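Encoded as structure tokens, the structure appears first; notes follow it.
Derivation of every value follows stated rules applied to the coordinates shown; laboratory data play no part. On a predicted model such as this, the values are computed, not experimentally measured, just so you know. Cβ: placed from backbone, ideal geometry, glycine included. Neighbour counts: every protein chain shown.
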Amino acid sequence: MRIRGPANAEQAAPWAGSVNSSVRYTAEQLVSENRPLPRLITRSSDIHAAGCFALEDIPKGTVVLEYTGERITKEEGDVRYDGRPFTYLFGIGDGAVVIDGHGMAMFVNHSCDPNCETDEIDGRIIIQTLRNLKAGEEITYDYWLYDGEDEAPCYCGSKNCRGSMYSPAEVKRMQRVAAKAKKQAELAERKNRAASNREHSNP
Ligand SMILES: [Zn+2]
């Protein structure tokens, strides 16, 4: 199962809110909190399927979206997305709780050279601009995927694309796991060969 993570995950305190609650922050609620969001639109994207685009110029450091959705346990996320090629899960705190994306932010695509970043504030995930954005630009952030089993190739097309939507640490972890599996397979193969050699020499 693939889970998106905030760039500041290591500093994030374990999330203490209630799980499996229907807590969802809507656009209306954000406006009532005096946090109006810039105008965006969801439409077809060259990166992947659908994406989010700015309808107006947005200055650097602006919160453009909140990653809204139901808060569930990681185990519940495993059940919901079992066998599905993609997930909309975003890990918060120590990762025991995930947000099951529901809203515009779930459509924001990954880029290895993103124009936005995610941040965790009091158990809520916000997406904010890393630089000034022009109207019409697609909003992107680095997914920093973790907890993966299958490949998550990246087609973001940026010059420094790392070829995977997993975080660099997760890419290394998966390479270690793959190398270990390969070594074990080779060992088993060698044992099999030795056993069959013995059979052949002692008819
Ligand atoms: Zn990339």
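Observations, loosely collected:
- Inspection of the range 182-203 finds no residue satisfying the criterion of being part of a helix (DSSP H, G or I), within 26 Å of Gly5 (Cα to Cα) and among the aliphatic types (A, V, I, L, M).
- Check on Asp119, within 30 Å of Asp57 (Cβ to Cβ) and outside any helix (DSSP H, G or I): yes
- Within the range 129-140, the set of residues being away from the ligand (no atom under 16 Å from the Cβ) and assigned to a strand (DSSP E or B) comprises Thr129, Leu133.
- Residue under evaluation Met174, criteria (1) without any contact (Cβ under 8 Å) to a residue 60 or more places away in the chain; (2) of a type in the set (A, V, I, L, M, F, W, C); (3) under 25 Å from Glu66 (Cβ atoms); (4) away from the ligand (no atom under 15 Å from the Cβ), criterion not met: (3)
- Test: residue in the range 184-202 that is surrounded by 10 or more Cβ atoms within 10 Å (Cβ to Cβ) and under 24 Å from Gly61 (Cα atoms): no
- Scanning the range 98-116 for residues that are in a strand (DSSP E or B) and among the β-branched types (Val, Ile, Thr) turns up Val98, Ile99.
- Residues of the range 141-164 that are hydroxyl-bearing (Ser, Thr, Tyr) and more than 8 Å from the ligand (Cβ to nearest atom): Tyr141, Tyr143, Tyr146.
- Test: residue in the range 145-158 that is surrounded by 15 or more Cβ atoms within 10 Å (Cβ to Cβ) and either in contact with a Cys (Cβ under 7 Å, 6 or more places away or on another chain) or within 23 Å of Lys60 (Cα to Cα) (or both): yes
- Within the range 159-183, being surrounded by 13 or more Cβ atoms within 10 Å (Cβ to Cβ) and in contact with a strand residue (DSSP E or B) (Cβ under 9 Å, 6 or more places away or on another chain) holds for Gly163, Ser164, Met165, Tyr166, Ser167, Glu170, Val171, Arg173, Met174.
- Residue check, Ile126 away from the ligand (no atom under 16 Å from the Cβ), of a type in the set (A, V, I, L, M, F, W, C) and surrounded by 19 or more Cβ atoms within 10 Å (Cβ to Cβ): yes
- Looking across the range 151-165, the residues that are in contact (Cβ under 8 Å) with a residue 40 or more places away in the chain and under 20 Å from the mean Cα position of the chain (by Cα) come down to Ala152, Cys154, Tyr155, Cys156, Gly157, Ser158, Asn160, Cys161, Arg162, Met165.
- Scanning the range 86-110 for residues that are within 11 Å of the chain's Cα centre (by Cα) and closer than 19 Å to Leu130 by Cβ yields Phe90, Val108, Asn109, His110.
- Residue list for the range 59-75, restricted to those being within 13 Å of Thr118 (Cα to Cα), in a strand (DSSP E or B), over 15 Å from the mean Cα position of the chain (by Cα) and not aliphatic (A, V, I, L, M): none
- Of all residue pairs spaced 6 or more apart or on separate chains, those with beta-carbon atoms under 6 Å, a first member in the range 91-113 that is over 25 Å from Pro153 (Cβ atoms) and away from the ligand (no atom under 16 Å from the Cβ) and a second member that is among the β-branched types (Val, Ile, Thr) and outside any strand (DSSP E or B) are Val97/Val19; Gly103/Thr68.
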